[in-house]
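Taking it in order: structure first as structure tokens, then the write-up.
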Amino acid sequence: MSICIETKPNGQPMHFSQLGEQLRALAGQSVILQNCLGQRYIAAGQKNLRVEIEGIPGNALGAYLGEGSSITVHGNAQDATGDTMSAGSITIHGSTGDAAGYGMRGGMILVKGNAGYRAGIHMKEYGKTCPKLIIGGCAGDFLGEYQAGGIIAVLGLGTEGKAPVGRFCGTGQHGGRIFLRGDALPAELPPQVSVRNAEQADLALLLPSLTQFCEAFGADFSMLQASPYWLLTPNSSNPYTDLYAIY
Amino acid sequence: MELYVHPEFEIVRNEKKCIACRVCERQCANCAHGYDADSGSMEGYDEKCVNCHRCVTLCPTKALKIVQTAHTFRPNANWSNNTIRELYLQANTGGVLLSSMGNPRPLPNYFDRILLNASQVTNPPIDPLREPMETRTYLGKKSIPLQRGAAGKLIENLTPQIALTMPLMFSAMSYGSISYNAHASLARAATELGICYNTGEGGLHRAFYRYGSNTIVQVASGRFGIHTDYLMAGAAVEIKMGQGAKPGIGGHLPGKKNVGEVARTRMTPDGSDAISPAPHHDIYSIEDLRQLVYSLKETAGNSKPIIVKIAAVHNVAAIASGVARSGADIIAIDGFRGGTGAAPTRIRDHVGIPIELALASVDTRLREEGIRDDISLVVGGSIRSAADWIKAIALGADACYIATGALLALGCHLCRSCHIGLCNWGIATQRADLVKRLNPEIGAERLVNLVKAWQHELKEVMGGMGINSVEALRGNRLMLRGVGMTQEELRVLGIEHAGS
């Protein structure tokens, strides 16, 4: 049984602090937010909370999100979605703004549409915790900059034949993997990145996430599975070792 | 071709005193001492010596000393020995010069040119041994209007504060840049003293969560080791935007130091570089900073004050004004003499401004704009003694951060070789045999000694001024006079020249 919160009582959008207070009191529950209109920090740092959002949440949706939490957005999301999130999942039935998944350490972000600039910057993994950011459409510049771990996939659905990412993809990458669906690669890739066709063993890491993507958004799994993917990985996990003179 | 660079230090061994016990050889992780079995005598390898005094201190017969070499290039006031050596090294390697600890250059120190006042005849001095002296300090927003309920009872609407027994904290040093035992020493000492230490950006080791109420947890651009429990573990959360030793650049813990427990605490793969980008890629404006501040406040259910740490740079007053409007509760400013575990030499030595000037201009600006009480001001960047601390408070600081001083208390000899990772004192190293040389119980005790001594000195000086509460010292620039300063320097500091 879900608890409904009308986020626009009396015709006025509820302030984020008031909404945050209500959500913090509802840990362990399922919540539906109705008429969401730009409230920031929804479910920030919360554990074991399930939120369905009708409308458009504001910046920093699910920042620092903890174990057992899931957020579903029936609409677009704004900037800094899942900033530094630890666990749980964020599913967006639309597009998301800039800096999605920045510093993400675990959990999963599924975006049906596009992601803005700077998605997945400085994602990192540790032990069994491997963050995943799956973008159905395209991503802007600086995707996966400084990536230290985790999996980023950009599927380019609807823009076939074109590289699904912008410039500076993977600059400073020193861990993790970026999958780009299709035959086209961005015109230039930074020197820290090596690129090759993803093989069966590589795709084995991606397929569980694609399954979830298809379950969430009804995409064609067999088509996604049969598609070619580029795999971007770092040249080195210690890219700057030779930069310094020690004395 | 590599040019030979003569060693900077020479190991001088008094052969009459040396008993060839080989303690120096065992103690030196840089392998600057050896034993010649044929002659039964010790040998020194000057080129490996970093002048950390471990051997000198532990030599049972005091047979050792380290001297700066007399070997020199042709004396030249423009091209110093050091300048030439650095240039040769760069021509040999093509590398960016890397250094540690604070700026060693002989730039003006304004604390040394500020003198303190004392009472005579009227407004008599107070004896802290007989009279109560208040050093308790609360950091956080103070400009909250008093509100009373229906029955006239005060409504408690104070935003979260850090409560300290005195206006002093240990500033951010990450686990990784310093050792487990160094962190343990700081955590224990902070707890005993009723002050705070700061995790830096390396996360919080699980064994230290129990010191949480005396811990400040940091969020830096690399977002290492950050999760909900971490954010809730401390007395406050600090967003690191900049550091005095390296304003404008990020951090870089080499993979060889990011191993074992360090990597586990940072939650990064073992052996991979731990890179903190120069900017937070989710912050490009004060509005973005405000967003990070409030995302942390929301995460903590508004139970933790948020500190924003910036480096002292040219426009620090305007930046601080922006930070004060970002919703942060405390602003920490780190001066250009602040220490580091590793920073490019040119940045450490040439970027930023002295904390004395930054502090005075920030305090003045925030007062002029009527927002000084919206935020507490903490400063660091080479607070070397109680005198510097007291002068900083009188210039307008609510509290000071110390780090280099704290490391000295733990045995650091300022050899400035932290970046090599072979600290013979067990502080700036992750090598298990070296780390265990620092006993956290003794380390904590020495830190407690240092800070208690400073607290007593603070009380003595306050008593001399006829002040019995540190609140009355804060921003009390009438207690300061400058010597040997220009009008412009006095204007920026907001103080009179001595004699006037």
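Considering B:Gly352, B:Gly322, B:Gly341, the condition of being of a type outside the set (Val, Ile, Thr) and modelled with pLDDT under 95 is satisfied by B:Gly341 alone. Checked against the criterion of being loosely packed, with under 14 Cβ neighbours inside 10 Å, within 36 Å of the chain's Cα centre (by Cα) and basic (Lys, Arg), the candidates B:Arg26, B:Arg13 yield just one match: B:Arg26.
Is there any pair with a first residue in the stretch A:222-247 that is farther than 25 Å from A:Glu199 by Cα and at the interface with another protein chain (Cβ under 7 Å from one of its Cβ atoms) and a second that is of a type in the set (A, V, I, L, M, F, W, C) and in a helix (DSSP H, G or I) whose Cβ atoms are under 6 Å apart and which are 6 or more apart or on different chains, and what are they? If the second residue must be of a type in the set (A, V, I, L, M, F, W, C) and in a helix (DSSP H, G or I), the pairs left are A:Ala245/B:Leu89; A:Tyr247/B:Leu89. Being without any contact (Cβ under 8 Å) to a residue 40 or more places away in the chain and under 25 Å from B:Leu407 (Cα atoms) is the requirement here; does B:Leu97 meet it? Criteria not met by B:Leu97. Taking the stretch A:189-247 as the range and being of a type in the set (A, V, I, L, M, F, W, C), assigned to a helix (DSSP H, G or I) and within 30 Å of B:Lys257 (Cβ to Cβ) as the test, the residues that pass are A:Leu205, A:Leu243. For the stretch B:58-84, filtered to residues that are surrounded by 14 or more Cβ atoms within 10 Å (Cβ to Cβ) and either in contact (Cβ under 8 Å) with a residue 24 or more places away in the chain or charged (D, E, K, R) (or both), the residue that is nearest to B:Arg437 (Cα to Cα) is B:Leu58. The residues of the stretch B:105-126 that are assigned to a loop (DSSP other than H, G, I, E, B) and either open to solvent by 60 Å² or more (accessible area, probe 1.4 Å) or within 13 Å of another protein chain (Cβ to nearest Cβ) (or both), listed by number, are B:Arg105, B:Pro106, B:Leu107, B:Asn117, B:Gln120, B:Val121, B:Thr122, B:Asn123, B:Pro124, B:Pro125.
Of the residues making up the stretch A:51-64, not a single one is more than 8 Å from chain B (Cβ to nearest Cβ), under 19 Å from A:Leu157 (Cβ atoms) and touching a helix residue (DSSP H, G or I) at 6+ places or on another chain (Cβ under 9 Å). Of the residues contained in the stretch B:187-198, one or more are found to be surrounded by fewer than 24 Cβ atoms within 10 Å (Cβ to Cβ) and on the phi > 0 side of the Ramachandran plot.
Every listed requirement among (1) outside any helix (DSSP H, G or I); (2) closer than 24 Å to B:Val5 by Cα; (3) not acidic (Asp, Glu) is met by B:Leu87 save one, (1).
Given the criterion modelled with pLDDT under 95 and among the basic types (Lys, Arg), identify the matching residue among B:Lys257, B:Lys240. Only one candidate qualifies: B:Lys257. Here B:Leu87 clears all of (1) open to solvent by 70 Å² or more (accessible area, probe 1.4 Å); (2) closer than 30 Å to B:Ala397 by Cβ except the condition numbered (2).
You will find that of B:Glu261, B:Glu287, the residue that is surrounded by fewer than 24 Cβ atoms within 10 Å (Cβ to Cβ) and either among the hydroxyl-bearing types (Ser, Thr, Tyr) or out of contact with any Phe, Trp or Tyr (no Cβ under 8 Å at 6 or more places or on another chain) (or both) is B:Glu287 and no other. Going by what's in this entry, would B:Tyr35 be described as of a type in the set (Phe, Trp, Tyr), open to solvent by 60 Å² or more (accessible area, probe 1.4 Å), under 27 Å from B:Gly341 (Cβ atoms) and in contact (Cβ under 8 Å) with a residue 12 or more places away in the chain? So B:Tyr35 fails the test.
Taken together, A:Leu110, A:Leu157 contain a single residue that is within 10 Å of the chain's Cα centre (by Cα) and more than 12 Å from every other protein chain (Cβ to nearest Cβ), which is A:Leu110.
Condition test on A:Pro234, is it assigned by TED's automatic domain parsing to the domain that holds A:Val165, open to solvent by 50 Å² or more (accessible area, probe 1.4 Å) and modelled with pLDDT of 90 or more? No; evaluated as a whole, the condition is false for this residue. Number of residues in the stretch A:170-188 that are part of a loop (DSSP other than H, G, I, E, B) and within 14 Å of chain B (Cβ to nearest Cβ) equals 5.
Here B:Val50 clears all of (1) under 29 Å from the mean Cα position of the chain (by Cα); (2) within 14 Å of another protein chain (Cβ to nearest Cβ); (3) among the β-branched types (Val, Ile, Thr); (4) not in a loop (DSSP other than H, G, I, E, B) except the condition numbered (4).
One residue stands out in the stretch B:239-279 among those that are touching a Leu at 6+ places or on another chain (Cβ under 9 Å) and in contact (Cβ under 8 Å) with a residue 60 or more places away in the chain: the one that is nearest to the other protein chains (Cβ to nearest Cβ), namely B:His252.
Restricting A:Gln46, A:Gln22, A:Gln12 to those that are at pLDDT 95 or above and open to solvent by 20 Å² or more (accessible area, probe 1.4 Å) reduces the list to A:Gln22.
The values are calculated or read from the model by the stated rules, or taken from the named source; none is laboratory data. Just so it is clear, the model here is predicted, and its values are computed rather than measured. Cβ coordinates were reconstructed from backbone atoms using ideal geometry, including for glycine residues, and neighbour counts include every protein chain displayed. In case anyone asks, the SASA skips ligands and DNA or RNA and just uses the protein heavy atoms, side chains included. Shrake-Rupley method; radii C 1.70, N 1.55, O 1.52, S 1.80 Å.
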